[in-house]
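A short worksheet on the structure shown next.
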Amino acid sequence: MLLEEVQDLKAKWGKEIILLAHHYQRHEIADLGDRLGDSYELARAASEAERARFIVFCGVRFMAEAAEIVRRENQVVIHPAAEAGCPLADMAPVDRAEEAWEHIAGVRGADKVMPLVYMNSSAKLKAMVGRYGGSVCTSSNAGRAFEWGFKEREAVFFFPDEHLGRNSARGVGIPEEQVVVWDPKQEGGGIEEKALKGARAILWKGYCHVHTAFVPEDIQQARERFPEARVLVHPECPEEVVKIADGAGSTAYLVKAVENAEPGSTLVIGTEINLVSRLARDHQDRTVIPLKRSLCPNMFRISAKRLLDSLRSLPEPEVVTLPKEVKKDAKLALERMLSI
Ligand code: 13P
Ligand code: SF4
């Protein structure tokens, strides 16, 4: 019933509305999406959605905010669960990040360190990075963003996910001893000046609880049970997990890997459970198994009922808003990502 009404309202608004859904959404929401994608693809889709007046974003808040930053003048962004944040994004409040930047720039020189901010961050933090000449990145282009950062400056300062930062730094060949972790709870980030002076990658101490739930023993057990399987994980997983997996990449990478796998093959996937169970549902001629059941409760907040409430509120919905200055500076950082 609810879903039928959602479909009717979607049909009624036709091309005036576009529904963007992240891969971690519940199946019924993902199935309704005009575009289903990873956070990079959805930011791009929002920036290219020329015809739609209403961009309905089914994901977490930082994703809806990114759409708000890149949208056109005549559009609005609707987020059906305004309270659905991301604990990882909340681990880097902008005032603490500013303090850290001041300290690091004082030791190394502001023109020597490139700030890079993961899409999973507040709009204010993206704006700060935009002001200091840096870029946003997502899990699908973090490697390229690190390469760009090192081409432009001596070191990169990456927030807020330590694990994606560590995996990306390793991916572009930065030795472990040149990677330091900035702990916002400690004076000077808990990094000695000598180490800070020699560091090439400075990583904010933040993590995603959905992906740090995966541990190396999960992979060892999966290999014992399914010796023929390929094990693929998201790069928000800790380095020791990524290192022993057969591959790591964004949610779009994981989707493509399953789509391109031979019928009859087995894949064990380490990421959010809604995506893994949908891949299993949609590819019944291959075996798709979750590395472990790990759910993102914030992604789960958007239900058919919440989406219906949003659609019923058209043409006067509650929209995502951001201060003008924040939008302007955050857009610089987002546009740098889109052009890298
Ligand atoms: P993707 O960019 O890979 O879709 O990841 C977003 C995210 O929140 C992962 O936890
Ligand atoms: Fe945030 Fe992790 Fe959920 Fe992604 S899976 S939205 S990083 S809490």
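The values are calculated or read from the model by the stated rules, or taken from the named source; none is laboratory data. These figures come from a predicted structure and were not determined experimentally. Cβ: placed from backbone, ideal geometry, glycine included. Neighbour counts: every protein chain shown.
Residues in region 171-187 that are of a type in the set (A, V, I, L, M, F, W, C) and more than 15 Å from Ala92 (Cβ to Cβ): Val172, Ile174, Val179, Val180. Based on this model, can you work out whether Leu232 counts as within 16 Å of ligand 1 (Cβ to nearest atom), within 21 Å of Tyr40 (Cα to Cα), part of a helix (DSSP H, G or I) and not charged (D, E, K, R)? In short, no. With respect to His211, is the statement that it is touching a Cys at 6+ places or on another chain (Cβ under 7 Å), under 25 Å from Phe62 (Cα atoms) and either at pLDDT below 95 or surrounded by 15 or more Cβ atoms within 10 Å (Cβ to Cβ) (or both) true? So His211 passes the test.
Condition check: surrounded by fewer than 17 Cβ atoms within 10 Å (Cβ to Cβ) and away from ligand 1 (no atom under 16 Å from the Cβ). Does Glu259 satisfy that? Criteria not met by Glu259.
Taking region 125-155 only, how many residues are out of contact with any strand residue (DSSP E or B) (no Cβ under 6 Å at 6 or more places or on another chain), of a type in the set (Lys, Arg) and over 30 Å from Leu254 (Cα atoms)? Looking only at that region, the number is 1. If I filter region 267-274 for residues that are away from ligand 2 (no atom under 16 Å from the Cβ) and farther than 19 Å from Asn167 by Cβ, do I get at least one hit? Yes, that holds for at least one residue.
Consider region 68-109 and keep the residues that are among the β-branched types (Val, Ile, Thr) and touching a residue at least 60 places away in the same chain (Cβ under 8 Å). The one that is surrounded by the most Cβ atoms within 10 Å (Cβ to Cβ) is Ile69. Here is a list: Ile174, Ile191. Which entry is surrounded by 15 or more Cβ atoms within 10 Å (Cβ to Cβ) and without any contact (Cβ under 8 Å) to a residue 12 or more places away in the chain? Within the list Ile174, Ile191, the selection yields Ile191.
I'd like to check something: does region 305-312 contain any residue that is farther than 27 Å from Trp13 by Cβ and either surrounded by 16 or more Cβ atoms within 10 Å (Cβ to Cβ) or within 13 Å of ligand 1 (Cβ to nearest atom) (or both)?
To start, the set of residues in region 305-312 that are farther than 27 Å from Trp13 by Cβ comprises none.
Scanning region 305-312 turns up no residue that is farther than 27 Å from Trp13 by Cβ and either surrounded by 16 or more Cβ atoms within 10 Å (Cβ to Cβ) or within 13 Å of ligand 1 (Cβ to nearest atom) (or both).
If you go through region 20-66 and keep only what is surrounded by 24 or more Cβ atoms within 10 Å (Cβ to Cβ), away from ligand 2 (no atom under 16 Å from the Cβ) and touching a residue at least 60 places away in the same chain (Cβ under 8 Å), you end up with just Val56.
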